[in-house]
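Enquirer: For reference, the structure I am asking about is given below.
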């Protein structure tokens, strides 16, 4: 691999031991994928934040980098952590978990990384322009950045994205190269896909069927493809599969710029005539039982999404706990705007974390309802938790009634 | 005893000699290994219940979440790490994890040739076995 003088000096340790370790990781990934060179990145998004997943050893590693003089050389934001940094006590998290989590965040802060603690950095000022090279972890953000924003990133792991932040470079392979961004399969959607729930179900279905292909999707109404529904589509596909980039005809920027790419994918195609129906997303054993938690905000909700959910739940008494997850930066704005007042105490707009990364076993949520395909996918694999995926409106009704009814098809 | 040699690509350097733990089935790292005991947990995996500590762990490639790099680091911190890792194709979970945890690692190996070996020696990217 060809390294520039600066890159070589980082690898030799002339910029300190922390930067050397990070450069070693970047160069090794480049060697594995036969990259010819490294390219500068304009921003990074780092995962591996929850103390639950990285543990004491992960904390020691971050402190080793910090003590070795490493610091972020490009704007870098952070994924959600294991708890809400303001409301952890009232939400039922333990003091010891808070202490451990706070140390991890302190280490990231000392590496000059913004403690955004959100999976939607593009709503928080880390919004790359089309064609820019970035190194992002967090599969839903990777999918959104590649597909909707037209930026270029591989599906990085936490330490790889961190290493890119600490060096300013990533290896030039995979989705950084034009030829690897063309669609590999054509998806004909031949049924109605209109609501958030529809996009979640389509995403789970496509992820399962397509693995790590690059689909170009036709047949979606551009009017229904909003930032919110596309976020859900991409997050769900990246959860049930490994899709890091998708194109939507007449909607996403790259397929609009290069319409002949769709022809390239013509050889392999699939047809979607219907979306999986309710029984696939609701366990029989949950019907009629009390619901512990109704969860919104995976990926983290935008201001508009929170406002729309709260406009329905305002002045309502709810039976189940309701969590709406968002970024703390946005939550602060909501507070200023006064939209968080007049809520039942069981309704919490939480920030910094989400139901997927927090230690749910520390809280007593056994039956959970969500409108997110991604949250549904991950919670389905957690022992001791029953989860159902339902339309947003239905989720809100269940919050008020406190139980899941028979419900017909929705 | 005639020993044979295979040359691989060094992902993280280091020489060692030890018993082999071998599988042809991709290995789940995050959630698939108990970080405090080094025991393989993955339900239905041929190595379920085996301990990776101080073995030369041979498997085609890792699978699952990229948080697996931190799992390797935790295993190492708890003194349960394998002595070395040999892969057919090293992917980012292992490549990143072995650098962080400083575990010797070699890939681009036709691992089936090691199937019947009991003991391996790794030296400068070469694997010696009999």
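Enquirer: Answer yes or no: is there a residue in segment A:25-38 that is in a loop (DSSP other than H, G, I, E, B), modelled with pLDDT of 95 or more and more than 14 Å from chain B (Cβ to nearest Cβ).
Expert: Yes.
Enquirer: Going through A:162, A:202 one at a time, which residue ends up being more than 15 Å from residue A:78 (Cβ to Cβ) and either in a helix (DSSP H, G or I) or within 14 Å of chain B (Cβ to nearest Cβ) (or both)?
Expert: It is A:202.
Every residue, every condition in (1) crowded, with 24+ Cβ neighbours inside 10 Å; (2) over 24 Å from residue A:324 (Cβ atoms), yes or no:
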position: A:112; (1), (2): no, yes
position: A:115; (1), (2): no, no
position: A:128; (1), (2): no, yes
position: A:147; (1), (2): yes, yes
position: A:177; (1), (2): no, yes
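Enquirer: How about segment B:1-48: which of its residues are closer than 16 Å to residue B:60 by Cα, buried (at least 16 other Cβ atoms within 10 Å of the Cβ) and more than 14 Å from every other protein chain (Cβ to nearest Cβ)?
Expert: B:6, B:20, B:21, B:22, B:23, B:27, B:40, B:45, B:47
Enquirer: Need at least 2 residues that are under 27 Å from residue A:49 (Cα atoms), touching a residue at least 12 places away in the same chain (Cβ under 8 Å) and in contact with a strand residue (DSSP E or B) (Cβ under 9 Å, 6 or more places away or on another chain) per element, so show me which helices (runs of 4 or more DSSP H) inside segment A:292-410 make the cut, counting only ones lying wholly within it.
Expert: It comes to A:303-313, A:328-337, A:373-380.
Enquirer: While we're looking at this one, here's another question. Might you let me know whether segment B:89-108 holds any residue that is within 10 Å of chain A (Cβ to nearest Cβ) and assigned to a strand (DSSP E or B)?
Expert: Yes; the residues of segment B:89-108 include at least one that is within 10 Å of chain A (Cβ to nearest Cβ) and assigned to a strand (DSSP E or B).
Enquirer: Taking segment A:130-145 as the search range and keeping residues that are touching a residue at least 24 places away in the same chain (Cβ under 8 Å) and surrounded by fewer than 19 Cβ atoms within 10 Å (Cβ to Cβ), which one is farthest from the other protein chains (Cβ to nearest Cβ)?
Expert: A:130
Enquirer: Going residue by residue through segment A:86-100, is there one that turns out to be closer than 26 Å to residue A:154 by Cα and either in a helix (DSSP H, G or I) or at pLDDT 95 or above (or both)?
Expert: Of the residues in segment A:86-100, the ones closer than 26 Å to residue A:154 by Cα are none.
No, the conditions are met nowhere in segment A:86-100.
Enquirer: Does segment A:4-12 include one or more residues that are in a helix (DSSP H, G or I), modelled with pLDDT of 95 or more and within 13 Å of chain B (Cβ to nearest Cβ)?
Expert: yes
Enquirer: Restricting segment B:56-70 to residues that are closer than 19 Å to residue B:89 by Cβ and part of a helix (DSSP H, G or I), which is nearest to the other protein chains (Cβ to nearest Cβ)? Lay out the reasoning, then the answer.
Expert: The first filter runs over segment B:56-70 and keeps only residues closer than 19 Å to residue B:89 by Cβ, leaving B:56-66, B:68-69.
From what is left, the residues that are part of a helix (DSSP H, G or I) are B:68-69.
Working: B:68: 8, B:69: 5 Å.
Filtering first and then ranking leaves B:69.
Enquirer: Please work out if residue A:271 is touching a residue at least 24 places away in the same chain (Cβ under 8 Å), outside any helix (DSSP H, G or I) and loosely packed, with under 15 Cβ neighbours inside 10 Å.
Expert: Yes.
Enquirer: Taking the conditions exactly as written (surrounded by fewer than 24 Cβ atoms within 10 Å (Cβ to Cβ), more than 14 Å from chain B (Cβ to nearest Cβ) and more than 21 Å from the chain's Cα centre (by Cα)), does residue A:42 satisfy them or not?
Expert: Working: surrounded by fewer than 24 Cβ atoms within 10 Å (Cβ to Cβ): yes; more than 14 Å from chain B (Cβ to nearest Cβ): yes; more than 21 Å from the chain's Cα centre (by Cα): no.
When the stated conditions are applied, residue A:42 does not pass them.
The values are calculated or read from the model by the stated rules, or taken from the named source; none is laboratory data. Because the structure is predicted, anything quoted here is derived from the model rather than measured. All Cβ positions, even for glycine, are placed from backbone atoms using ideal geometry, and neighbour counts span all protein chains on display.
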